[in-house]
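Novice: Handing you this structure, nothing more for now.
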Amino acid sequence: MTIHAVYPGSFDPFTLGHLDVVARASKLVDKLTILVVHNPHKTTSTDAGARAQLIKQVLFDAGIEDRQIFIEHLSEGLLAERCEELGANLIIKGVRNSADLDYETPMATVNRDLTGIETMFLAASPEYSHISSTLVRQVAALKGNVKLYVPNAVAEWLASNPEVNR
């Protein structure tokens, strides 16, 4: 059986923790789709298309763009239904701590109830477990150095687009 996993997130911005999950997950599955999603509970700093392009650059810079990794986006609708449309049979979620796990577990159950798709949780690597996109945006908004938390392309993008930092 071919394993096609979807790694969903708002990726606003894409952090070193996200990159770590992509690198690790891509070694476990046959095909990985990074799905830039719209979360109605979050206000994003830029549109999904721009975030997807930035992720493509990050993957190229990291030398992992040649793996079976694809980037799509979801602007509305249910994640589980989009996974079905893509032919995916697994959702991958990175979790940094027990709060992330508590938040993600009910969604994993609902996704399984709706479509039968399972969710696999990947624990964050310790060196990235404290990084969140929200924290990165806050540091960037205050003109702090975010290079310890995001890939170079993202740091450069944040520096050249100060209006998106909230």
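Novice: From the residues in the range 32-58 that are in contact (Cβ under 8 Å) with a residue 40 or more places away in the chain and closer than 21 Å to residue 124 by Cα, which one is nearest to the chain's Cα centre (by Cα)?
Specialist: That would be 35.
Novice: So residue 31 ticks every box in (1) surrounded by fewer than 20 Cβ atoms within 10 Å (Cβ to Cβ); (2) modelled with pLDDT under 95 but one. Which box is left unticked?
Specialist: Status for residue 31: all satisfied but (2).
Novice: Now a separate question. Given the options 96, 67, 112, 82, name the one that is basic (Lys, Arg) and more than 24 Å from residue 1 (Cα to Cα).
Specialist: After applying the criteria, what remains is 96.
Novice: Looking only at residues that are in contact with a Lys or Arg (Cβ under 8 Å, 6 or more places away or on another chain) and touching a residue at least 60 places away in the same chain (Cβ under 8 Å) in the range 132-157, which one is surrounded by the fewest Cβ atoms within 10 Å (Cβ to Cβ)?
Specialist: If we take residues in the range 132-157 being in contact with a Lys or Arg (Cβ under 8 Å, 6 or more places away or on another chain) and touching a residue at least 60 places away in the same chain (Cβ under 8 Å), then 132 is surrounded by the fewest Cβ atoms within 10 Å (Cβ to Cβ).
Novice: Give the residues of the range 106-131 that are farther than 22 Å from residue 23 by Cβ, of a type outside the set (A, V, I, L, M, F, W, C) and surrounded by 14 or more Cβ atoms within 10 Å (Cβ to Cβ), sorted by residue number.
Specialist: Residues satisfying the conditions are 111, 112, 115.
Novice: Among the residues of the range 1-27, how many are more than 19 Å from residue 84 (Cβ to Cβ) and either without any contact (Cβ under 8 Å) to a residue 60 or more places away in the chain or assigned to a strand (DSSP E or B) (or both)?
Specialist: Count: 4.
Novice: A follow-up question, please. Going residue by residue through the range 2-15, is there one that turns out to be buried (at least 22 other Cβ atoms within 10 Å of the Cβ), more than 22 Å from residue 131 (Cα to Cα), within 15 Å of the chain's Cα centre (by Cα) and modelled with pLDDT of 95 or more?
Specialist: yes
Novice: Consider the range 36-45. How many of its residues are closer than 16 Å to residue 151 by Cβ and surrounded by fewer than 16 Cβ atoms within 10 Å (Cβ to Cβ)?
Specialist: Total meeting the criteria: 0.
Novice: With respect to residue 69, determine if the residue is over 15 Å from residue 118 (Cα atoms), out of contact with any Lys or Arg (no Cβ under 9 Å at 6 or more places or on another chain) and among the β-branched types (Val, Ile, Thr).
Specialist: Here the answer is no, as residue 69 does not meet what is asked.
The values are calculated or read from the model by the stated rules, or taken from the named source; none is laboratory data. No experiment lies behind these values; they were computed from the predicted model shown. Quick reminder, even Gly has a Cβ in these numbers, built from the backbone with ideal geometry, and neighbours come from all protein chains shown.
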